[in-house]
1. Consider Gly235 carefully, then state whether it is within 12 Å of the ligand (Cβ to nearest atom) and closer than 30 Å to Glu71 by Cβ.
2. Can you tell me which condition Ser85 does not meet? The list is (1) crowded, with 20+ Cβ neighbours inside 10 Å; (2) under 21 Å from Glu229 (Cα atoms), and all the others hold.
3. Please verify whether Ala165 is open to solvent by less than 10 Å² (accessible area, probe 1.4 Å), among the small types (Gly, Ala, Ser) and touching a strand residue (DSSP E or B) at 6+ places or on another chain (Cβ under 8 Å), treating the condition exactly as stated.
4. Anything in segment 130-153 that is of a type in the set (Gly, Ala, Ser), part of a loop (DSSP other than H, G, I, E, B) and either open to solvent by 40 Å² or more (accessible area, probe 1.4 Å) or within 13 Å of the ligand (Cβ to nearest atom) (or both)? List them, or say none.
5. Does any residue of segment 221-237 turn out to be in a strand (DSSP E or B) and under 14 Å from the mean Cα position of the chain (by Cα)?
6. Got at least one residue in segment 294-312 being in contact with a strand residue (DSSP E or B) (Cβ under 6 Å, 6 or more places away or on another chain), within 19 Å of Phe237 (Cα to Cα) and either without any contact (Cβ under 8 Å) to a residue 40 or more places away in the chain or open to solvent by less than 40 Å² (accessible area, probe 1.4 Å) (or both)?
7. Please go through segment 114-129 and pick out each residue that is farther than 16 Å from Ser246 by Cβ and within 15 Å of the ligand (Cβ to nearest atom).
8. If I filter segment 80-98 down to residues being β-branched (Val, Ile, Thr) and within 9 Å of the ligand (Cβ to nearest atom), which single residue comes out as farthest from Ile274 (Cα to Cα)?
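The values are calculated or read from the model by the stated rules, or taken from the named source; none is laboratory data. A quick note: this is a predicted structure, and the numbers were derived from the prediction, not measured. Here the Cβ positions follow ideal geometry from the backbone for every residue, glycine too, while neighbour counts run over all protein chains shown. Accessible surface areas use protein heavy atoms only, side chains included; no ligands, DNA or RNA. Shrake-Rupley method; radii C 1.70, N 1.55, O 1.52, S 1.80 Å.
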Amino acid sequence: MSAKRILVTGGAGFIGSHVCPILLDHGHEVTVVDNLSIGSRERVPAGAELVVADVRDRDALLRVARERRIERICHLAARVSIRASTDGFHEDADVNILGTLSALEAAVRTGVEKFVFASSMAVYADSPTPEPVAEDYSTAAISPYGISKRTSELFIENILGRTGAERISLRFFNTYGPNQTYTPYVGVITIFVNKLLAGESPTIFGDGGQIRDFVSVYDIAAGVTAALENEGTSGVFNLGSGRPRSVNQVAELLQAKIAPTIPLAYAEARAGEIQNSVANISAARAALGFEPHGNLDDLVDEVIDAIRSSRAAGGA
Ligand code: UD1
């Protein structure tokens, strides 16, 4: 495809830091808007421009879209914690819904041709079994975060459905890989690796039997790029590995690799979390050529090494 001028909101974050280098590599012009609340300047690759602004800042987004003559928007900026959203529902909705509306407004007012949105598996209702769910599964989300992502999907479809701009919402399943910022709210693999490397017990919420679909950030970045470069497709697509893993299995894998003598700890299950979450990825395969390659057992070694080096350098 021809080179495009692409705006990536949240481009200094975990997923953005993997998407932007691919876009640059493919010859696109990349402008990142990020408030650096979780993301960091060092994660924005040389060659991409960084504008430090909050995604809720409507004027800033509009100005960037106008001045850079943006053609496609990749909207990744968000508060990303399901668990933190149960208490922080106001902030979650503020950033996630109003942030999406700012990006949408800039898209509409500058005639952007394509809008790609980072949605989540959290939009789905719980499933009684670990059978993979397709996009038409119930979206009776049980967390405020899931509601904010589903609401954003609906706004995108409503508003861009009317203007005719192409729009793709990608429902990411549990994404892991290097560059995820470590906080108590973010990413079970990042949390468990940090704890084990610090000589502490990882804490499993509930009985650890909850099932997740862990998908590599490299696969997610490839899926996002495919959606951004796609011509003619609009819709909602799951991006996952299609493979189920329990939290216990992940904890045991990391424990065995890092610190076999440190015991696992258990605490009460957290509100707002579903029991079973596995992606049916047939639609993304067919429409976007999405093909996950990441193998958790191998890729966690890379995550462990990256976190170990970062800790040795004084970071987290
Ligand atoms: C994650 C993302 C969310 C994204 C979704 C789908 C984060 C913070 N959230 O949600 O933005 O939309 O995937 O891509 O990355 N767990 C423990 N102990 C811990 C931490 C977690 O047992 O210390 C368990 C949780 O109960 C949960 C599972 O691990 O069942 C996964 O949690 P986590 O990796 O934090 O991600 P999600 O909340 O599923």
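1. Against the criterion (within 12 Å of the ligand (Cβ to nearest atom) and closer than 30 Å to Glu71 by Cβ), Gly235 does not qualify.
2. Ser85 satisfies every listed condition except (2).
3. no
4. Ser138, Ala140, Ala141, Ser143
5. Yes, the conditions are met somewhere in segment 221-237.
6. Within segment 294-312 (the criterion being in contact with a strand residue (DSSP E or B) (Cβ under 6 Å, 6 or more places away or on another chain), within 19 Å of Phe237 (Cα to Cα) and either without any contact (Cβ under 8 Å) to a residue 40 or more places away in the chain or open to solvent by less than 40 Å² (accessible area, probe 1.4 Å) (or both)), the answer is yes, since at least one residue qualifies.
7. Phe117, Ala118, Ser119, Ser120, Ala122, Val123, Tyr124, Ala125
8. Val80
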